[in-house]
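The values are calculated or read from the model by the stated rules, or taken from the named source; none is laboratory data. Because the structure is predicted, anything quoted here is derived from the model rather than measured. Methodologically, a virtual Cβ is constructed for each residue, glycine included, from the backbone with ideal geometry; neighbour enumeration extends over all protein chains shown.
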Amino acid sequence: MFKLFKKIQRFFPPFIVDFVKKNLGYIGYALWEYAPKGFLTQIKKGGWDLESIAVVQKEKWEAYRDRVRSNQSIGVNHEHPDSSIQHEPFFHNLLVSFAYVIALSGLKKKSIDFLDWGGGIGHYGLLAEELIKPAEIKINYFCYDFPGFCNHGKELNPNYNYFSDENKYHDHKFDLVMASSSIWYEEDWKKGVDKLCKFETDFLYITRMIFIDEQPSYVALQRPKSMGYNTEYLFWIINKHTFVKYLNEKNFTLVREFEFGNILPIFKAPEQGTMKGFLFKRQTNL
């Protein structure tokens, strides 16, 4: 149903498209939906830790790799079910913002030790290498995720450092620690932030999450069938001010806020949010 709607929506006026997107939930097709019971909400399938998701990502790797290594626009969504879709403005904003972050973290350096928390099979490792290549800076890529993702990642990229023990590498000095669409799946998102703050790093980049301005943080349900994932999962929509304040309390100062573009409405949500990213720098003068 949703794939059909995406194909035909260009034939309708924008106000009709927006109305349909906001009300798909009434006919059972809400991809994102408010979950008032929070993480007590019953879901039909098993979240992220599924072999089938890692396999889908691996099947799409070659098309993603070829696009990133070309000189074309980097606005490519590695999760899109149709690899012929080569440019989406949202993902261009997302990945160009990452380019700024990786360049800043590598300023005046010959190498960058980069930890990608929840990095799947390693998409950002390849992207970082290609984006920073003209500066002749080496990327030492570390990727934390579930074992299934790490196993497939190692097959594709044996030179990357994959690991599933979250207590590993706490004694390693990183130039950049990043969490893209990962800590919002934690039942307690603050504990997810705490895990990141344990690593020794200059910069911390938390990105591709939905933030709100007025209402308290709440939980939503996602049904990612359009990406080829046969699962459901719960995730946080976080109040921006609460989030930044908590990072400040962890001795991280906000360097830059990023905004990536429109998102699908969250059905029956108390407040609609915006997909954002936040770059922090650890305070060293304490």
Flag if residue 142 is assigned to a helix (DSSP H, G or I), under 21 Å from residue 167 (Cα atoms) and assigned by TED's automatic domain parsing to the domain that holds residue 54: no
Among (1) farther than 21 Å from residue 115 by Cα; (2) without any contact (Cβ under 8 Å) to a residue 40 or more places away in the chain; (3) of a type outside the set (Lys, Arg), the one test that residue 214 misses: (2)
Pairs where the first residue, in segment 127-141, is within 16 Å of residue 175 (Cα to Cα) and the second is assigned to a strand (DSSP E or B) and among the small types (Gly, Ala, Ser), C-beta under 8 Å, 6+ apart: 137/111; 138/111; 139/111; 140/111
Exclusive hit being within 19 Å of the chain's Cα centre (by Cα), in the same structural domain as residue 226 (by TED's automatic domain parsing), modelled with pLDDT under 95 and within 23 Å of residue 210 (Cα to Cα), set 117, 48: 48
Near pairs, Cβ below 7 angstrom, 6+ apart or cross-chain, from segment 44-71 (acidic (Asp, Glu)) to any residue that is assigned to a loop (DSSP other than H, G, I, E, B) and surrounded by 13 or more Cβ atoms within 10 Å (Cβ to Cβ): 49/146
Complete set of residues in segment 252-285 that are under 27 Å from residue 176 (Cβ atoms) and of a type in the set (A, V, I, L, M, F, W, C): 252, 254, 255, 258, 260, 263, 275, 278, 279, 280
Residue list for segment 58-91, restricted to those being among the charged types (D, E, K, R), surrounded by fewer than 15 Cβ atoms within 10 Å (Cβ to Cβ) and modelled with pLDDT under 85: 82
Single unsatisfied condition, residue 191 versus (1) out of contact with any helix residue (DSSP H, G or I) (no Cβ under 8 Å at 6 or more places or on another chain); (2) part of a helix (DSSP H, G or I); (3) in contact (Cβ under 8 Å) with a residue 60 or more places away in the chain: (3)
Top-ranked residue in segment 221-258 [being over 25 Å from residue 48 (Cβ atoms) and touching a helix residue (DSSP H, G or I) at 6+ places or on another chain (Cβ under 9 Å); ranked as surrounded by the most Cβ atoms within 10 Å (Cβ to Cβ)]: 252
